[in-house]
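Below is one structure, written out as structure tokens; comments come after it.
The values are calculated or read from the model by the stated rules, or taken from the named source; none is laboratory data. From a predicted model like this one, the values you see are computed outputs, not experimental measurements. Backbone-built Cβ (ideal geometry, glycine too); neighbour counts: all protein chains shown. Just the protein is used for accessible areas: all its heavy atoms, side chains included, with ligands, DNA and RNA removed. Shrake-Rupley method; radii C 1.70, N 1.55, O 1.52, S 1.80 Å.
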Amino acid sequence: MSDRLLKQVGRPLDSTEVPSRATADPAGGFVYVSNNVSKTVSAFSIDPISGALSEVPGSPFKAGTAPTGVTVDPAGQFVYVANSGSDNVSAYTINATSGALAQIPGSPFKAGVNPIEIAVTRAPAPMPGNVYVADTSNNAVKEILAAGGANWLQDLAALQLPNSVKAISAEFTRPTGIAVDGHGNVYVTEQGGNSVKVITPTSGYHEFKPLGPRFDQPTGIAVDSMGDVYVTESGGKVKEIVATRGNIPASAISITLGPKFDKPSGIAVDADGNVYVADTGHRVVKKIVAVHGSIPPSPNIVTLGGVAAGCVFNCPDSPVGVAVDATGNLYVADAANGEVEEFVSGRGAPVRLVGGLSSLSGIAVDAHGNVYVTDGNAVKEVLAGGHPAVKTLGSNFAGPTGIAVR
């Protein structure tokens, strides 16, 4: 048994409200306490160094009668409170920056008699190996499920949404780029709406905006392990949307990376935070070099490919897409030559992986080294191995562009 003692941090909090239960958000940034007598929920921010608590603005927040159980959902977006005296459940959204709570429309929700405890299970996220396609001319985002080896298409925009969530629109308008993170959230660039949308496993999809104006013809999109989102704009910019505790807040900060590009299209980010851009107009791939996992204000930019490097990206409208695997190998969709090239470890001269493709656009790679491309109106898989084989996963698309795999 350990002989270590607990040390109190700061002074005890005021208990006149008779606190009943407490819980913390998954990121460890906030604590929420149900106050049984005062019919409220208190919210505190946690000092990351000392662990001390500070009450957030607006706290305590109104709940039902005799609130007891309190919990935060696994994604850290919502707080739920069991009101044992009023037989209902209060539901709140969490402000990702401040930790403040706002009641969800319709809250409190009717429950059984005298609810005491409450918990939220993790919604089933899409299975690893599922492929996501921006089906541009069909104004849809589709998923090819890997379960059972069946190539089954599911229209993500048609998923039923919870009553508490309001969809921005029933469909997309010219979706082009697509990315998926480790939690199963799917990010989509929508050229027709000059916006970026995210489809979450639990709450349907909503739109977020960076500070300043809307996007200008967004094309490619990527997301890193910290939740930061990277977007290419066909007008020549690459932007980083900075996450807060893994979430994109309503007041997200937008940072323009590097000098102006020329019709940038595909974009990818590796495990070290380096960002790769298919700089189509300049006929090269550019690597924006990260320092300690993040892009500095004046980043070093390395050029891959181009005529000077002896690479094949010497034709108009190429390269168009990039993808990077867990070991740092870079894959490039070379539309002009109908080929996929690989830069081993992201450097040196490219190696031709496969040719004979007719109209390449998007490219993605899975954990096993299998490469996926959008080619004409089809989605194809280039199987990993010494002699890559190409398999068609589906051909009932209409001008698909972006592709991602989880």
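Please state which one of Leu153, Leu161 is part of a strand (DSSP E or B), hydrophobic (A, V, I, L, M, F, W, C) and either open to solvent by 40 Å² or more (accessible area, probe 1.4 Å) or at pLDDT 80 or above (or both). So that I can check it myself, show each step before the final result.
Numbers: Leu161 fails: part of a strand (DSSP E or B).
Step by step, each of Leu153, Leu161 is checked, and only Leu153 is part of a strand (DSSP E or B), hydrophobic (A, V, I, L, M, F, W, C) and either open to solvent by 40 Å² or more (accessible area, probe 1.4 Å) or at pLDDT 80 or above (or both).
Which of the residues belonging to region 99-116 are under 24 Å from the mean Cα position of the chain (by Cα), assigned to a loop (DSSP other than H, G, I, E, B) and more than 19 Å from Pro19 (Cβ to Cβ)?
Here is the first cut: in region 99-116, the residues under 24 Å from the mean Cα position of the chain (by Cα) are 99-102, 104.
Adding the requirement that they be assigned to a loop (DSSP other than H, G, I, E, B) leaves 99-100, 104.
Answer for region 99-116, where residues must be under 24 Å from the mean Cα position of the chain (by Cα), assigned to a loop (DSSP other than H, G, I, E, B) and more than 19 Å from Pro19 (Cβ to Cβ): just Ile104.
Tally up the residues in region 357-380 that are in contact (Cβ under 8 Å) with a residue 24 or more places away in the chain and not in a loop (DSSP other than H, G, I, E, B), please.
Residues in region 357-380 being in contact (Cβ under 8 Å) with a residue 24 or more places away in the chain and not in a loop (DSSP other than H, G, I, E, B): 11 in total.
What pairs can you find where one residue is in region 382-395 and more than 14 Å from Glu341 (Cα to Cα), the other is open to solvent by 80 Å² or more (accessible area, probe 1.4 Å) and at pLDDT below 80, and their Cβ atoms are less than 6 Å apart, with a gap of 6+ or different chains?
Leu393/Asn151; Gly394/Asn151
Just to be sure, is Ala111 under 24 Å from Asp181 (Cα atoms), at pLDDT 80 or above and either in contact with a strand residue (DSSP E or B) (Cβ under 8 Å, 6 or more places away or on another chain) or of a type outside the set (Gly, Ala, Ser) (or both)?
Working: under 24 Å from Asp181 (Cα atoms): no; at pLDDT 80 or above: yes; either in contact with a strand residue (DSSP E or B) (Cβ under 8 Å, 6 or more places away or on another chain) or of a type outside the set (Gly, Ala, Ser) (or both): yes.
So Ala111 does not fit the description; no.
Here are Ile295, Ile301, Ile267: which of them is surrounded by 21 or more Cβ atoms within 10 Å (Cβ to Cβ) and more than 21 Å from Val365 (Cβ to Cβ)?
Working: Ile301 fails: surrounded by 21 or more Cβ atoms within 10 Å (Cβ to Cβ); Ile267 fails: more than 21 Å from Val365 (Cβ to Cβ).
Step by step, each of Ile295, Ile301, Ile267 is checked, and only Ile295 is surrounded by 21 or more Cβ atoms within 10 Å (Cβ to Cβ) and more than 21 Å from Val365 (Cβ to Cβ).
Give me the strands (runs of 3 or more DSSP E) completely within region 193-276, filtered to those with at least 1 residues that are in contact with a Pro (Cβ under 8 Å, 6 or more places away or on another chain) and at pLDDT 90 or above, ordered by residue number. Outline the logic, then answer.
On the way: elements: 195-200, 204-208, 218-223, 229-233, 237-242, 253-256, 264-269.
In region 193-276, 218-223, 229-233, 237-242, 264-269 are the strands (runs of 3 or more DSSP E) which contain 1 or more residues that are in contact with a Pro (Cβ under 8 Å, 6 or more places away or on another chain) and at pLDDT 90 or above.
Within region 363-406, work out how many residues are open to solvent by less than 50 Å² (accessible area, probe 1.4 Å), at pLDDT 85 or above and of a type outside the set (Gly, Ala, Ser).
Looking only at that region, the number is 17.
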